[in-house]
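Written below as structure tokens is the structure these notes are about.
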Amino acid sequence: MNGGKVLWLVDYMIADMDSLAKQNQFVSVANQLNVEDMLFRYGVRINTNLVLDLQSAPVPMLTGYVGNKPQTSFLPWFYFPLVIPTSKHPIVNNLNGIRFQFASSMDTLSNKEIAKTVLLQSSEYSRTVGSPAVIDLEQMKKKAETKQFNKGNQPLAVLLEGKFLSNYANRVPAAIANDSAIAFKETGVDNRMIVIADGDVIKNDYRKSNESIFPLGYDRYTGQFYGNKSFILNCIDYLCEGPRLMTLRQKEFRLRLLDKQRLEGNTLNIKIFNVIVPVILILVYAILRMYQRKRKYAA
């Protein structure tokens, strides 16, 4: 209420890859954090569900054996949405893809005092599963049906700006509300906060065997650097300083993924366009050049 900034990174579902270390499945349930009323008052609601996205980061999966040697393949894990920023807001503009892990969806609520900007959202090929949710590694081995991922873009990170109403407005006794030492305020000053429906966005990867900690956003399996670190730093800069420092972090490499679902439905047309059409154009050009030269030197 006095202008302090808040960066919320909230896990509304209890889910962790460590639960799959010794078994192929576990049940994810709601995480009782008791901050629902506060976030609702500020303008967002995090749902007790998990977002599944066809545009997702890969994880290693045991797919068979050659002799006695296990064979590992990298398969997309739908619970790890790989979010490519589409917003032009300076916090996320030109950032690399950002990896989420067991994220929940969010809803923005009607509140004229608070401006809401969706910073990050899942791809259009997304769906959600509510609590309790069965997380099963065998899902990776099955071919995903695009028609099941039909819930569209799900908000995962939202910027809130404006004058926030205290969560304790009209709830405290007069003795506290009028106490000058407490200086209770029902409405705050112009302020900003960011709500992210996943606490793992800011978590470093960790290897237990040698107790090594990897840089934020680094995937130790694929060697890929995701944009998590830049995203978190941009959030902090924007909350503390506003847009003035954001131009310092705009020059980033941006990962542009192919639309695999569109590729599957148009494989033949894409092959024809990229292989046959260029050859035809070259032949047409050669014939025209030959005809032109023949006419020029025929006399």
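The values are calculated or read from the model by the stated rules, or taken from the named source; none is laboratory data. Values in this document were obtained by computation on a predicted structure and should not be read as measured data. In this analysis, Cβ positions are derived from the backbone assuming ideal geometry, glycine residues included, and neighbour counts consider all displayed protein chains.
Tabulated data for the structure shown
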| quantity | calculated |
| --- | --- |
| In the stretch 85-115, the residues that are crowded, with 19+ Cβ neighbours inside 10 Å and over 19 Å from Y221 (Cβ atoms) | P85, I91, V92, L95, A103, S104, S105, M106, I114 |
| Any hit, the stretch 89-109, residues being touching a Lys or Arg at 6+ places or on another chain (Cβ under 7 Å), within 30 Å of M1 (Cα to Cα) and not aliphatic (A, V, I, L, M) | yes |
| Which numbered condition M193 misses (of (1) under 16 Å from Q101 (Cα atoms); (2) surrounded by 12 or more Cβ atoms within 10 Å (Cβ to Cβ)) | (1) |
| Yes/no for L245 being surrounded by 12 or more Cβ atoms within 10 Å (Cβ to Cβ), modelled with pLDDT of 65 or more, in a helix (DSSP H, G or I) and of a type in the set (A, V, I, L, M) | no |
| Filter result for the condition that a residue is at pLDDT below 90, in the same structural domain as F74 (by TED's automatic domain parsing) and basic (K, R), over K151, K147 | K147 |
| Options Y65, Y42; residue that is among the hydroxyl-bearing types (S, T, Y), at pLDDT below 85 and out of contact with any Ser or Thr (no Cβ under 8 Å at 6 or more places or on another chain) | Y65 |
| Hits in the stretch 6-29 - residues which are farther than 30 Å from N191 by Cα, assigned to a strand (DSSP E or B) and under 22 Å from the mean Cα position of the chain (by Cα) | I14, S28, V29 |
| Candidates M1, M13, filtered to the one that is crowded, with 17+ Cβ neighbours inside 10 Å and not assigned by TED's automatic domain parsing to the domain that holds I135 | M1 |
| Subset tally (residues that are modelled with pLDDT under 95, of a type outside the set (V, I, T) and outside any loop (DSSP other than H, G, I, E, B)) for the stretch 120-134 | 4 |
| The one condition in (1) under 27 Å from V134 (Cα atoms); (2) crowded, with 19+ Cβ neighbours inside 10 Å; (3) not polar (S, T, N, Q) that G64 fails to fulfil | (2) |
| Residue, surrounded by the fewest Cβ atoms within 10 Å (Cβ to Cβ), within the stretch 156-186, restricted to residues that are more than 30 Å from F231 (Cβ to Cβ) and among the polar types (S, T, N, Q) | S180 |
| Members of the stretch 155-179 found to be assigned to a loop (DSSP other than H, G, I, E, B) and either within 15 Å of V10 (Cβ to Cβ) or touching a helix residue (DSSP H, G or I) at 6+ places or on another chain (Cβ under 6 Å) (or both), listed by number | N167 |
| Given (1) under 24 Å from the mean Cα position of the chain (by Cα); (2) at positive phi, number of the condition G3 does not satisfy | (1) |
| Cβ pairs under 7 Å, 6+ apart, first in the stretch 64-88 and farther than 21 Å from M17 by Cα, second part of a strand (DSSP E or B) | Y65/Q71; P85/L120; S87/V118; S87/L119 |
| Whichever residue in the stretch 194-232 is part of a strand (DSSP E or B) and over 18 Å from the mean Cα position of the chain (by Cα) and, among such residues, is modelled with the highest pLDDT | I213 |
